[in-house]
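These notes concern the structure reproduced below.
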Amino acid sequence: MFHLTKDQVIYAMSPTNTPVLTIPPNSQIEFETADALSGQITSIADRFETLDWTRVNPATGPVYVTGAEPGDILSVTIEKIEIPSSGVTITGKGMGVVGHLLDEPASKLIPIEGDFALFSEKIRLPLNKMIGVIGVAPAEGAIPCGIPDLHGGNMDCKEIKEGATILLPVNVPGALLALGDLHAVMADGEICVSGLEVSGKVTVTVDVIKNQPLPLPMILSDTHVMTLASHEDLDQAVDLAVVNMVEYLYNTHGFEKSEAAMLLSLAGDVRICQVVDPKKTARVELRREYLK
Ligand code: CA
């Protein structure tokens, strides 16, 4: 198995980044990851007014995958997510959906015990460990790791979790995969601007798929196929994710577009990943049993 340490990070996904690792297709990699704040808040005394914002949203990588060429698909199966025994959640004035109601920065160190995050003495939240940032280099330019788009990035989607496979476009030779920003718990929306941000380790299997045009990014779980889309405007993100699923049903599964639309209207759940990043992310979930 290949291994990357959490000091091997980038803050933007770009075709000009130098790979820190080269692997053949169908390889397993263990990524160590820093939290979204690069571990800058470790105690109640740490104040995030003094955060170094240039060190926010690091992603470990990038990884060059031999044989991955523009037009291919990078398949990343998440085998395991390991997290430490605490994490941090932050919010404050101007941050997230209710930032206009807040005067002061607020942060909360949250212990993690077994399968639960101890939000308060009375509130124990079951973990849903997930990857916030996962993506590849765009064809040109540099996209900060905090921004989600067609290349993946900061999608903050709670379905990017153990057992899921995420499909990303290959835009440049080698794809240049990077990931980070683990959350121990996060709800759809991520409304305060952060999940339960944790460092950790992620084990993935990376492969290359040839000659299979798909509307990316997509997620495959045991039970569902999902399309994702990001846009500054949430309505547009929803529309794009829905159109992507219709195109997928039409192109890959032989549905008429009207049939696809009706199926999605009855059985395709439209959900929100997050509404707090520079682009908002929506997804459509459809049970895989309807594709047989
Ligand atoms: Ca994030």
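Coordinate-derived values only; no laboratory data. In this text, all values refer to a predicted model and were calculated from it rather than measured experimentally. Counting neighbours? That spans all protein chains shown, and the Cβs are built from the backbone with ideal geometry, glycine included.
Observations
- Across N244, N26, N128, mean-square fluctuation computed from a Gaussian network of the chain (C-alpha pairs under 10 Å connected) peaks at N26.
- Nearest-ten-degree value, helix 234-253 long axis tilted from longest Cα axis of the chain: 40 degrees
- Cubic angstrom per residue, convex hull over Cα atoms of segment 1-80: 117 Å³
- Cα gyration tensor category, rounded, prolate or oblate, for segment 211-292 with a/c compared to 1.5: prolate
- For segment 1-100, trypsin sites (Lys or Arg not before Pro) are listed when DSSP marks them as loop and at most 14 other Cβ atoms sit within 10 Å of their Cβ; the list is R47, K93.
- Only the Cβ atoms of Lys and Arg (+1) and of Asp and Glu (-1) were treated as charged; on that basis the dipole of segment 50-154 about its Cα centre amounts to roughly 340 debye.
- Restricting the GluC sites (Glu not before Pro) of segment 50-124 to loop positions (DSSP other than H, G, I, E, B) with no more than 11 neighbouring Cβ atoms within 10 Å leaves E121.
- Modelled FRET efficiency - R0 41 Å, S85 with D235, Cβ distances, 0.05 increments: 0.55
- Two-decimal log10 I(q)/I(0) for segment 32-137, as the Debye equation yields it once each C-alpha is a single scatterer, q = 0.11, 0.16, 0.19 Å⁻¹: -0.49, -0.92, -1.15
- The angle between the Cα long axis of helix 257-267 and the main principal axis of the chain comes to about 40°, on a 0 to 90 degree scale.
- Magnitude of the charge dipole, the chain, Cβ model with Lys/Arg +1 and Asp/Glu -1, debye to 20: 280 debye
- Here segment 155-292 is treated with +1 on each Lys and Arg Cβ and -1 on each Asp and Glu Cβ, and its dipole about the Cα centre works out to around 380 debye.
- Most mobile listed residue (A229, A178, A117) in the chain, GNM with C-alpha springs under 10 Å: A117
- Direction-averaged projected area, Cα convex hull, the chain: 15.3 nm², rounded to one decimal.
- Estimated FRET transfer efficiency (E49, R287; beta-carbon r; R0 45 Å; 0.05): 0.50
- Residue-by-residue Karplus 3J(HN,Hα) for segment 172-184, coefficients 6.51, -1.76, 1.60, Hz, glycine and proline x: 9, x, x, 6, 6, 6, 9, 8, x, 6, 6, 10, 7
- With contacts taken as Cα pairs under 8 Å and at least 6 residues apart, segment 222-292 reaches a relative contact order of 45 percent.
- For segment 249-271, the residues whose amide N sits under 20 Å from a probe point set 7 Å from the Cα of V243 along the beta carbon direction are 249-265, 268-271.
- Using C-alpha pairs under 8 Å with a sequence gap of at least 6, the mean separation divided by the residue count of the chain gives a relative contact order of 23 percent.
- Structure-based [θ]222 nm, the chain - -39500 (n - 2.57) summed over DSSP H runs of at least 4, per residue, nearest 500: -3500 deg cm²/dmol
- Separation of alpha-carbon centers, segment 226-273 and segment 35-99, rounded to whole Å: 28 Å
- Considering only I23, F2, G39, the residue lying farthest towards the positive end of the dipole of segment 1-54 is I23, judged by Cα position with unit charges set on Cβ.
- Sequence-distant residues sharing a close amide H with F116 (under 5 Å, placed H): L127
- In this structure, the pairs whose alpha-carbon distance is over 25 Å, taken from K161/K280; K93/K279; K6/K93, are K6/K93.
- Chain lengthening between S221 and N26 when straightened (0.36 nm per residue, less Cα-Cα): 68.4 nm
- The modelled label-to-label distance between D7 and K93, using points 7 Å beyond Cα along the C-beta direction, is 3.7 nm.
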